[in-house]
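Report on the structure given below.
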Amino acid sequence: MKNIIVLVSGGGTNLQRIIDCIENGEISNAQVSLVVADRQCFGLDRAKNHNIENHLIPRGKTFSTALKQLLPEKTDLIVLAGFLSILSKEFCETFKGKIINIHPALLPKFGGKGMWGHHVHEAVLAAEEKESGATVHYVTPGIDEGEIFLQKSFSISENETVESLAQKIHEIEFEILPKAINLILKKI
Ligand code: GAR
C-alpha cells in the first residue's frame, strides 16, 4: 500500500478527487495517509470528514522542517493540491522525484511567484492567450520549474471569464492529477 501525503491551502477539491478516486478504485493500492495545510481551509475539513490524519502547520520559514517531522517513514508521494507555500530547498532535495504539484496553466507559461489561482487566469486572459490548461509537474526548489509530467490544454473561447477558466481548469485537473498519481505510483 502506497502512502500519499497531500498538502492543501484552499477548498481542496483536488484532494477530494484523490480521496474519491481511491475509494472508487481509479487510484489503486494507495491511501491518503496525511493531509497538511499551511492555513485554516476547507481542505482540512475534507480530511477530517474522511478520518484522515490532518494537521495545520502555519505557513512560514519553519513549515518544511515541521512537515518533515510529521511525514510517515514510508512516504511514497507528496502531492501539492492547491498548496500555496514554497517548500524549502533542503526539503525538495530530500524528497526529489516524490513531490508533484498541480498548476492551473500550461507551464512554463504563467508560473512562478504570485502565479496561483485567479491570478493565473487573469494573466492568461490579459495576455489574450489562445489556450490554457493544467500541468502536473515535479517540485524542485525553483517555483513551478520542475520537470513537466502531464499537461492538458483546451481552446479559450471568446467570452471566457476568470470564473469559466477556473471551472474548465478544475475539470482538467480532476482528470490529469489522478492519472499522474497512478502513473508515478506504478513506477516507484
Ligand atoms: C487549483 O486550481 C490548483 O491548480 C491551484 O489552486 C487550485 C486549488 O483548488 N494551484 C495553484 O494555483 C498553485 N500555484 P482546490 O483547493 O479546490 O484543489
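The values are calculated or read from the model by the stated rules, or taken from the named source; none is laboratory data. The structure presented is a predicted model; accordingly, all values stated were derived computationally and were not measured. Positions of Cβ are generated from backbone atoms using ideal geometry, with glycine treated the same way; all protein chains shown enter the neighbour counts. These accessible areas exclude ligands, DNA and RNA; they are computed on the full protein's heavy atoms, side chains included. Shrake-Rupley method; radii C 1.70, N 1.55, O 1.52, S 1.80 Å.
Side notes on the structure shown:
- Multiplying the residue separation of Glu73 and Ile188 by 0.36 nm and subtracting their alpha-carbon distance yields 39.9 nm.
- Accessible-area composition of the chain, carbon plus sulfur, in percent [1.4 Å probe]: 51 percent
- Length added when fully stretched, Glu171-Ser153, from 0.36 nm per residue minus Cα-Cα: 5.4 nm
- Sorting Lys130, Lys179 by accessible area puts them as Lys130, Lys179; the probe is 1.4 Å, largest comes first, and only protein heavy atoms count.
- Cα centre as origin, Lys/Arg/Asp/Glu Cβ charges: segment 106-188 dipole, Debye: 480 debye
- Based on the reciprocal of the average 1/r between different C-alpha atoms, the Kirkwood radius for the chain equals 16.6 Å.
- Accessible surface ranking for Met115, Met1, 1.4 angstrom probe, highest first: Met1, Met115.
- Reach of Lys98 by Cα under 24 Å, taken over lysines that are not fewer than 8 positions away in the same chain: Lys2, Lys61, Lys68, Lys74, Lys89, Lys109, Lys113, Lys152, Lys179, Lys186, Lys187
- Förster radius 22 Å - calculated FRET efficiency between Thr62 and Gln40, Cβ distance, rounded to 0.05: 0.80
- Computed over the Cα atoms of segment 51-123, the ratio of the radius of gyration to the Kirkwood radius (Rg/Rh) comes to 0.98.
- Between Val36, Cys92, Leu70, the Cα set farthest toward the positive side of the dipole of segment 1-107 (charges on each charged residue's Cβ, about the Cα centre) is that of Cys92.
- Diffusion coefficient, µm² s⁻¹, Stokes-Einstein with Kirkwood Rh over alpha-carbon pairs of segment 13-92 at 25 °C and 0.890 mPa s: 184 µm²/s
- For segment 1-113, a simple Cβ point-charge model (Lys and Arg +1, Asp and Glu -1, everything else neutral) yields a dipole of about 440 debye relative to the Cα centre.
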